[in-house]
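Input: a single structure, listed below in structure tokens.
The values are calculated or read from the model by the stated rules, or taken from the named source; none is laboratory data. Nothing here was measured: the structure is a model prediction, and the numbers come from that model. In this analysis, Cβ positions are derived from the backbone assuming ideal geometry, glycine residues included, and neighbour counts consider all displayed protein chains. The area values use the complete protein model at the heavy-atom level, side chains included, leaving out ligands, DNA and RNA. Shrake-Rupley method; radii C 1.70, N 1.55, O 1.52, S 1.80 Å.
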Amino acid sequence: MPDINLTIDGHKLTVPAGTLIVEAAKTVGIEIPVFCYHHKLDPVGACRLCLVDFSPGPPRPQTACTTPVSEGMVVRTQSSMAVQARADILEFELANHPLDCPVCDKGGECPLQDFTFRHGYPTSRIDGPRLHFKKPIPLSDKIALDRERCVLCYRCTRYYDEIAWEQELTTDERGVQSFITSQFDQPLQSIFSGNIIDLCPVGALTSRVWRFESRPWDMTHTATICSKCSVGCSVTQWQRRGQLVRVTSHENDEIDEGWICDRGRFDYTDVNDPARLRTPTIRGTRSTWSDAITAVAVGIKGKGAKLGVSLPQDITNEEAFLFRRLLDGPLKGAKVKMHGRSAIPAPAGPTMRIKEIDDARVIVIVASDIETDVPIIDLRVKKAVSKRSAKLIVVYPDGVDLDRNPQTVHIRNQKGAAATEVRKLASHELLTNPGGPVAILFGDGHGSEDINDLAKACGDLAEKVGGKEMPLYRATNERGALAAGVARWDKLEGVDALLSWGPPPTAGIPRSVKFIAAWDHLPRPGYEKAVILPATTFAERQGSYTNVEGTVQFLRPPIPVRSPLKDGWEVLCELAIALGVKVDYAGIFPIQRELAIQPPDPEPEPTPVLIGPAHP
């Protein structure tokens, strides 16, 4: 498509055909205020705040969010007609808006506040009674709705329809009495519901977890990586006085497109738990780090196969590198089981990238309910289907949320028979002539499938149809731990000693265990007679994760590690010394340098893409 030449407020520019005026203005730094418009949603022109004056065209204000540019167009955002039109619209928006700014959670980062000062009339002419609604309305245990503040931009309802494929929010009544409500007054159930908080341009939708906790100017924020699953979404973590008080999205079009799931948004309160472990203990008695680490080393050294190790799903690449040295040395032969990992083996070569799903003409999803396993990839698939006309084939025994699309081809296989169904797909009508790239995403059926057979079947299908594969690892850093050789799947039954790193094993502490060392940030049942090492949380941890597609992303913790807590790499170094392994690292940077220059394995991992700086 040809480029279009136009002028905005005297600035000459060239943009691709089809670009909306509001987006063209951004390229030259011109602000056109918007409420209903969002670059990830379809434009609707509901709020009318983006009115501008342009020619050729009718001599009246037009919406910049629904009007594409045309050749030779001249746009005037500061003409008297456009300026007065926007001020009039803001006056209407504020006619029934409550004066809640001093207590509203949106205060200080509210577009309505900012636009009123920059584009509104300096004084209000409204002196009549305002419309009132019951407030706040609990939409769920995590989200509150204040209907008086709502400007009916419909971002939230459109997000549910277009992005999440849910029907949980709607508009009730008509005209000035209209308000947002949940369907049949039922609580929101979607695991993507928290994104409407970020989308809301006013304080109508707020987090009940963060409600009345702090103000934007009272916090510091850090862009980092989510630790709740293998997707590795970019998030912003907000801290106040050493406590993690909020988590919001941070747009990364390569991976998450600005969306995060509710696990990543709301599951952070354990960081501030008053019961957090802060000091080492030996069988319930407070101890020094030196004595506790010595006790751990004595309890686990030389046990061989009688030692069991439970690894957390969010172990960092640097911790995995150091732990591998222990497994190759004094802990050789130990049984290791990683929390939350799939049965999928390490990839033999480069795999499909998340962004490539956008261009797929046919998407095949096998042995995985991706809404639960890799939630944001679920939204990426929905985008490819609804906005880019991709065809979708699902091979899974149970119903999935992708079934909401009536064109989804859902093959309900018997558990354990996914590979058989995959082998039949090469002759499927959607794959005989796909008309473009084919994406094959496969999981492990949560243990119900023969993963080696399934991986081979998916590989054969990809070769026949010219597709690309993406193995759907579940654990946060499962791919990085596989590359380090520590993401094992051993059974821990019959071990005499157990090193429980993170939460205890899912199956519980084996009855045969006589010695327990726990490295955790919370007290848990079974730790009463253990040697306990206090651990940092995801909000304090340094290092990096390798996400499901093989991208290495660095963590930037918003909260510093305060004594007596110690960084994970530091504890591992001290444990290694106590076990007789010579290590000497002054910080995490030397570990990352050594990790980066390791000789490749016989079957090398794909070269990771480094994103962002490591936090010192």
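If only residues of the stretch 58-87 that are open to solvent by less than 50 Å² (accessible area, probe 1.4 Å) and assigned to a helix (DSSP H, G or I) are counted, the one that is nearest to Arg125 (Cα to Cα) is Ala87. Do we find a residue being in a strand (DSSP E or B), crowded, with 19+ Cβ neighbours inside 10 Å, touching a Pro at 6+ places or on another chain (Cβ under 8 Å) and at pLDDT 95 or above anywhere in the stretch 16-28? Yes; the residues of the stretch 16-28 include at least one that is in a strand (DSSP E or B), crowded, with 19+ Cβ neighbours inside 10 Å, touching a Pro at 6+ places or on another chain (Cβ under 8 Å) and at pLDDT 95 or above. The one condition from (1) surrounded by 16 or more Cβ atoms within 10 Å (Cβ to Cβ); (2) part of a loop (DSSP other than H, G, I, E, B); (3) modelled with pLDDT of 95 or more; (4) at negative phi that Gly232 does not meet is (4). The selection criterion, being within 18 Å of the chain's Cα centre (by Cα) and crowded, with 23+ Cβ neighbours inside 10 Å, does not hold for Val438.
The residue pairs whose first member lies in the stretch 7-22 and is closer than 16 Å to Asp53 by Cα, whose second member is part of a helix (DSSP H, G or I) and open to solvent by less than 70 Å² (accessible area, probe 1.4 Å), and whose beta carbons are closer than 6 Å, counting only pairs six or more residues apart or on different chains, are Ile8/Ala25. When Val52 is tested against (1) part of a strand (DSSP E or B); (2) loosely packed, with under 15 Cβ neighbours inside 10 Å; (3) in contact with a helix residue (DSSP H, G or I) (Cβ under 6 Å, 6 or more places away or on another chain), exactly one condition is not met: (2). Only one of the numbered conditions (1) open to solvent by 20 Å² or more (accessible area, probe 1.4 Å); (2) over 23 Å from Phe538 (Cα atoms); (3) in a strand (DSSP E or B) is not met by Lys337, and that is (2). Comparison of Ile300, Ile255 shows that the only residue that is farther than 29 Å from Arg353 by Cβ and open to solvent by less than 10 Å² (accessible area, probe 1.4 Å) is Ile300.
Listed by position, the strands (runs of 3 or more DSSP E) inside the stretch 354-433 whose residues that are at pLDDT below 95 and surrounded by fewer than 17 Cβ atoms within 10 Å (Cβ to Cβ) number at least 3 form an empty set.
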